[in-house]
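Visitor: Let me give you the structure first, and then I'll get to my questions.
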Amino acid sequence: MNLQKLPKQTLITILSVSLVMIVALTFWLIGSKQASSKDNLNRDDASTDEADLRYTDEHPDGKRAYITELPELQELICSALDTSNVEQYLLSGNVRNYVKVSFADYYKKHNCQPAWIDQKGLLPQADSLLSALKAAPKEGLIYDYHLEQLRKAKDKISGILSHRSNPDSTELSELAKFDLQMSASFFTYASHLLSGKVDPDQFDITWRAEPRKRNLAPILEEALAENNLSEALQKVVPTYPQYAQLKDWLARFQDIAGKGGWPVIPSGHILKRGDEGERVVLLKKRLALTNDLSIAIKDSLPVFNEGIEEAVKRFQQRNGLLADGLVGKSTLALLNTPVEKRIEKIRINLERLRWLPDTLGEKYVMVNIPAYRATVIESGHQVLEMKVVVGKEYTSTPVFRDQIQYIEFSPTWTVPLSIAREEILPILQKDSVYLTQNNFLLHETWREEDTPIDPYEIDWSTISSRDFHYRLEQQPGPGNPMGQVKFMFPNDLAIYLHDTPSEHLFDKKTRAYSHGCVRVEKPVDFALLLLEDEPEVNEQNIYEYMHSDSPKRVRLPQPMPIQFMYLTAFVDEQGRINFRKDIYGHDSLQIEAIR
């Protein structure tokens, strides 16, 4: 077509239409490119529901927009997620694998988008995280989580973002590093709340625990979506009432410490009812701080009256002492224990609760070793409490979890080889009739089908401890150290609960006398409770089983979880904080580890 021959008005019309078409085509191409880019950014979130895509174009309620203008920053974050570099951002030298996975998963799911920054600046969630980290001591966690470093970096990042719309490569590196460090602090803190700051298996082979594990990326997603960092983190703390109760007492003791602690009572004669003087005034102040002293008698009179005596007894009960109301050497030492030491004790016991599983079950048995106490918990309530005798310091009762499978009435006792060599052989070398008099059978081997042999055929004076290989089996009867019943949960530690003929030991305040197994105060009540769903078993049956000449095994309808614990600080049924002696020396080692 020869355009020169067309009328001028027609030519203008054609050119105008062409220009409009070109503009329309340009906008269509731009739109297609943006849609493709958006699809690419969201390819890992294809299955995520609308609520999970929690970003908007503005900042209402702390929410934020997707980044579409800083691909270089995303590229830097992706590069940093290389497995060889991840650990430099995580704060602990011993990083749990699930923490590494959570850290990488979050960024990979969101195409390496920054978690704490968008094109409009720092998100308010960054301040929320710093506030949550500052509150870590309230959880009993002493760790800076790079808090001061993050605060300084935040100020620097704020300056970059407020003055430059197009950060240079150095500034982009600072932004990426800050974002990764913020997330690393979140994941590290969350993992400490979930699983504890340290792993328990590093301390002692007799301390067995399997701390909880969880992908923490969804926790961070929720926290960022709702700007509720503190609330989201609370979802990973233990749900046991004991944890919340210990935290409350920790806060009280931290408050006392912040005000200078409690008064020190000078040494002197035993304080008792009727005494007067300045030591009594200090005693009253000390007892009032831990709520042992009734409000009604919080006066300044320097008189040791009946109210003070009752307060002393409460203090003694809480600390595992004989409650006689006298302030002697042992009671005075505990009264004068610095509040900082009590805070440390609460902190390590919060850590031990973090080593437990999410739940022990609807119904379970808990043995608290340093408290010399076993309880049965059902639906969160204590339904049975018993005194127990636990292992001596050098034959300690281990910390572990298992399930009671069956009960053995009128049990035999197969003597552990170590006890036979170290304790019984020396007796045999002096008294050859010992085995017969105490109802023992002697076996040549450890095979169950092996028949007994005559102990008088052996010259025990020629047998050394190293040469002793015999199996000793004590038959049912009043002299059997297993008593009349055993509660069995077969394990490689050879630990179980059992009755005892030495009932007088339950009258003692300190009850670490066994070789590791646990002797229970109320075996009949315990057996009845474990078998309450077994219709053919009643108290009469149990009495008959316990006085039989041969063992009787009864399997539980359902295995009963049992948890051996080592809580030297705990809150009792009356809401009082209790402390117990560290009988095996676990506290000092573990306290040092979590500092």
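The values are calculated or read from the model by the stated rules, or taken from the named source; none is laboratory data. Model, not experiment: these values are computed from the prediction. Here the Cβ is made from the backbone with ideal geometry for all residues, glycine too, and neighbour counts use every protein chain on show. When the accessible area is computed, the model is the full protein with side chains, heavy atoms only, and any ligands, DNA or RNA have been set aside. Shrake-Rupley method; radii C 1.70, N 1.55, O 1.52, S 1.80 Å.
Visitor: Evaluate the following for residue 420: is it surrounded by 18 or more Cβ atoms within 10 Å (Cβ to Cβ), in a helix (DSSP H, G or I) and in contact with a strand residue (DSSP E or B) (Cβ under 9 Å, 6 or more places away or on another chain)? Steps first, please.
Guide: Numbers: surrounded by 18 or more Cβ atoms within 10 Å (Cβ to Cβ): yes; in a helix (DSSP H, G or I): yes; in contact with a strand residue (DSSP E or B) (Cβ under 9 Å, 6 or more places away or on another chain): yes.
In short, yes.
Visitor: Kindly indicate the residue of the range 333-351 that is in a loop (DSSP other than H, G, I, E, B) and touching a residue at least 40 places away in the same chain (Cβ under 8 Å) and also surrounded by the most Cβ atoms within 10 Å (Cβ to Cβ) among those meeting that condition.
Guide: First, the residues of the range 333-351 that are in a loop (DSSP other than H, G, I, E, B): 336-338.
Add one more test, that the residue is touching a residue at least 40 places away in the same chain (Cβ under 8 Å), and what stays is 336, 338.
On the way: 336: 15, 338: 12.
Here the answer is 336.
Visitor: Then there is this: When you scan the range 208-219, do you find a residue that is touching a helix residue (DSSP H, G or I) at 6+ places or on another chain (Cβ under 8 Å) and in a helix (DSSP H, G or I), even just one?
Guide: So in the range 208-219, the residues touching a helix residue (DSSP H, G or I) at 6+ places or on another chain (Cβ under 8 Å) come out as 208-209, 211-217, 219.
Filter again for in a helix (DSSP H, G or I), leaving 217, 219.
Taking every residue of the range 208-219 in turn, at least one turns out to be touching a helix residue (DSSP H, G or I) at 6+ places or on another chain (Cβ under 8 Å) and in a helix (DSSP H, G or I).
Visitor: Which is in contact with a helix residue (DSSP H, G or I) (Cβ under 9 Å, 6 or more places away or on another chain), assigned to a strand (DSSP E or B) and open to solvent by less than 50 Å² (accessible area, probe 1.4 Å), of 487, 468?
Guide: Values: 468 fails: assigned to a strand (DSSP E or B).
The unique qualifying residue is 487.
Visitor: Can you tell me which residue within the range 492-510, out of those that are touching a residue at least 60 places away in the same chain (Cβ under 8 Å) and farther than 17 Å from residue 480 by Cβ, is surrounded by the most Cβ atoms within 10 Å (Cβ to Cβ)?
Guide: 495
Visitor: Kindly list, by first and then second residue, each pair from a residue in the range 191-204 that is in contact (Cβ under 8 Å) with a residue 60 or more places away in the chain to a residue that is aliphatic (A, V, I, L, M) and open to solvent by 40 Å² or more (accessible area, probe 1.4 Å), limited to pairs with Cβ atoms under 7 Å and residues at least 6 apart or on different chains.
Guide: Close Cβ pairs satisfying both conditions: 203/589.
Visitor: Looking at (1) touching a helix residue (DSSP H, G or I) at 6+ places or on another chain (Cβ under 6 Å); (2) modelled with pLDDT under 95; (3) open to solvent by less than 30 Å² (accessible area, probe 1.4 Å); (4) not β-branched (Val, Ile, Thr), which is the one condition that is false for residue 355?
Guide: With (1) touching a helix residue (DSSP H, G or I) at 6+ places or on another chain (Cβ under 6 Å); (2) modelled with pLDDT under 95; (3) open to solvent by less than 30 Å² (accessible area, probe 1.4 Å); (4) not β-branched (Val, Ile, Thr) applied to residue 355, the lone miss is (2).
Visitor: Residues that are within 23 Å of residue 341 (Cα to Cα): which helices (runs of 4 or more DSSP H) entirely in the range 223-326 hold 2 or more of them?
Guide: Of the helices (runs of 4 or more DSSP H) lying wholly inside the range 223-326, those with at least 2 residues that are within 23 Å of residue 341 (Cα to Cα) span 241-258, 278-289, 306-318.
Visitor: Further question: Just to check your reading of the model, which residue among 582, 533 is closer than 27 Å to residue 359 by Cα, of a type in the set (D, E, K, R), touching a residue at least 12 places away in the same chain (Cβ under 8 Å) and surrounded by 15 or more Cβ atoms within 10 Å (Cβ to Cβ)?
Guide: 582
Visitor: Take the residues in the range 358-375 that are open to solvent by less than 30 Å² (accessible area, probe 1.4 Å) and out of contact with any strand residue (DSSP E or B) (no Cβ under 6 Å at 6 or more places or on another chain); name whichever of them is nearest to residue 571 (Cα to Cα).
Guide: The extreme case among them is 371.
Visitor: If a residue has to be surrounded by fewer than 23 Cβ atoms within 10 Å (Cβ to Cβ) and among the acidic types (Asp, Glu) to count, how many in the range 177-202 make the cut?
Guide: Residues that pass the stated criteria total 2.
Visitor: Based on this model, can you work out whether residue 432 counts as hydroxyl-bearing (Ser, Thr, Tyr), open to solvent by 10 Å² or more (accessible area, probe 1.4 Å), closer than 30 Å to residue 244 by Cβ and without any contact (Cβ under 8 Å) to a residue 40 or more places away in the chain?
Guide: On the way: hydroxyl-bearing (Ser, Thr, Tyr): yes; open to solvent by 10 Å² or more (accessible area, probe 1.4 Å): yes; closer than 30 Å to residue 244 by Cβ: no; without any contact (Cβ under 8 Å) to a residue 40 or more places away in the chain: yes.
For residue 432, the condition - hydroxyl-bearing (Ser, Thr, Tyr), open to solvent by 10 Å² or more (accessible area, probe 1.4 Å), closer than 30 Å to residue 244 by Cβ and without any contact (Cβ under 8 Å) to a residue 40 or more places away in the chain - is not met.
Visitor: Among the residues of the range 86-99, which ones are out of contact with any Leu (no Cβ under 7 Å at 6 or more places or on another chain) and modelled with pLDDT of 90 or more? Reasoning before the result, please.
Guide: Step one: filter the range 86-99 for residues out of contact with any Leu (no Cβ under 7 Å at 6 or more places or on another chain), giving 86-88, 90-98.
Answer for the range 86-99, where residues must be out of contact with any Leu (no Cβ under 7 Å at 6 or more places or on another chain) and modelled with pLDDT of 90 or more: just 98.
Visitor: Then there is this: With the requirement that a residue be of a type in the set (S, T, N, Q) and either assigned to a loop (DSSP other than H, G, I, E, B) or at pLDDT below 90 (or both), what does the range 423-442 give you? Break it down stepwise before answering.
Guide: In the first step, residues of the range 423-442 are kept if they are of a type in the set (S, T, N, Q); the result is 429, 432, 436-439.
The answer is 429, 432, 438, 439.
Visitor: Quick one: residue 220 ticks every box in (1) more than 27 Å from residue 566 (Cβ to Cβ); (2) of a type in the set (A, V, I, L, M); (3) in contact with a Lys or Arg (Cβ under 9 Å, 6 or more places away or on another chain) except a single one, so which number is it?
Guide: Result: residue 220 fails condition (3) only.
Visitor: Kindly evaluate residue 113 against the criterion of being part of a loop (DSSP other than H, G, I, E, B) and surrounded by 15 or more Cβ atoms within 10 Å (Cβ to Cβ).
Guide: On the way: part of a loop (DSSP other than H, G, I, E, B): yes; surrounded by 15 or more Cβ atoms within 10 Å (Cβ to Cβ): yes.
Here the answer is yes, as residue 113 does meet what is asked.
Visitor: Given (1) under 26 Å from the mean Cα position of the chain (by Cα); (2) open to solvent by less than 10 Å² (accessible area, probe 1.4 Å); (3) under 29 Å from residue 118 (Cα atoms); (4) touching a residue at least 60 places away in the same chain (Cβ under 8 Å), identify the lone condition not met by residue 135.
Guide: (2)
Visitor: Does residue 367 count as modelled with pLDDT of 95 or more and either in contact with a helix residue (DSSP H, G or I) (Cβ under 7 Å, 6 or more places away or on another chain) or assigned to a helix (DSSP H, G or I) (or both)?
Guide: Criteria not met by residue 367.
Visitor: Considering only residues that are hydrophobic (A, V, I, L, M, F, W, C) and part of a helix (DSSP H, G or I), look in the range 580-595 and name the one that is nearest to residue 203 (Cα to Cα).
Guide: If we filter the range 580-595 for residues that are hydrophobic (A, V, I, L, M, F, W, C), which is where we start, we get 583, 589, 591, 593-594.
So of that shortlist, the ones also part of a helix (DSSP H, G or I) come out as 589, 591, 593-594.
On the way: 589: 8, 591: 11, 593: 9, 594: 12 Å.
For the range 580-595, the residue satisfying everything is 589.
Visitor: Taking only the range 383-402 into account, find how many residues are open to solvent by 20 Å² or more (accessible area, probe 1.4 Å), over 22 Å from residue 538 (Cα atoms) and not small (Gly, Ala, Ser).
Guide: 7
Visitor: Checking the conditions here, which among 379, 294, 330 is without any contact (Cβ under 8 Å) to a residue 12 or more places away in the chain and surrounded by fewer than 20 Cβ atoms within 10 Å (Cβ to Cβ)? Break it down into steps so the answer makes sense when it comes.
Guide: Values: 379 fails: without any contact (Cβ under 8 Å) to a residue 12 or more places away in the chain; 294 fails: without any contact (Cβ under 8 Å) to a residue 12 or more places away in the chain.
Only one candidate passes the filter, namely 330.
Visitor: Here's something else I'd like to know. Residues to consider are 284, 272; find the one that is of a type in the set (Lys, Arg) and open to solvent by 40 Å² or more (accessible area, probe 1.4 Å).
Guide: Details: 284 fails: open to solvent by 40 Å² or more (accessible area, probe 1.4 Å).
Selected residue: 272, the only one of 284, 272 that is of a type in the set (Lys, Arg) and open to solvent by 40 Å² or more (accessible area, probe 1.4 Å).
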